[in-house]
């Protein structure tokens, strides 16, 4: 059984697990739409500069992240027309193209689903204690840094 939210070691959960857990809900008959966001490792550094991402490492303060993600899901699932909200963030070492996070919202109508899906994404990114280390290469060589430290380089 998939929990509603939390951090998971890479490989322990996949997108099909998330969708299946929604479809197994007792109240699934009231669902008319499922919105899904899959965050993946981008191969280019956001700010450009010709740097390429080789891999990422994601770490977290697991207990606090589970609490924050669960609270976001609980709060958003009480919105009108929303049946379920799930946020599952993966941790570990990742290559370009690997899945990093699954955010799913099930609701009566697409209008409710889309707005709550976007809010869930923005909130987990700003509220959850999840830390990303990028390993990059470019014309000037290679480097690694925690994304929060990037402004120092």
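Laboratory data are not the source of any read-out in this text; all were calculated from the coordinates shown. Every value quoted in this text rests on a predicted model; they were computed, and no experiment measured them.
Points to keep in mind about this one:
- Mean separation of Cα pairs under 8 Å and 6 or more residues apart, divided by the residue count, gives the chain a relative contact order of 32 percent.
- Within a Gaussian network of the chain (alpha carbon springs, distance under 10 Å), most fluctuating of 133, 64, 125: 125
- Debye-sum result for the range 22-110 in log10 I(q)/I(0), which assumes one identical scatterer on each alpha carbon, at q = 0.15, 0.20, 0.21, 0.24 Å⁻¹: -0.71, -0.97, -1.00, -1.12
- Only one item in (i) 14.2, 46; (ii) 19.0, 64; (iii) 16.8, 56 matches Rg and Dmax of the Cα atoms in Å derived from the coordinates shown, and that item is (iii).
- Candidates 92, 141, 43, ranked by Gaussian network fluctuation over the chain, Cα under 10 Å, top entry: 141
- Largest mean-square fluctuation among 91, 60, 137, in a Gaussian network model of the chain whose springs join Cα atoms under 10 Å apart, belongs to 137.
- Note on the chain: antiparallel DSSP beta bridges, both residues inside, total approximately 85 percent of the bridges counted.
- Cα-based equivalent ellipsoid, the range 1-43: semi-axes from gyration tensor eigenvalues, Å: 23, 14, 7
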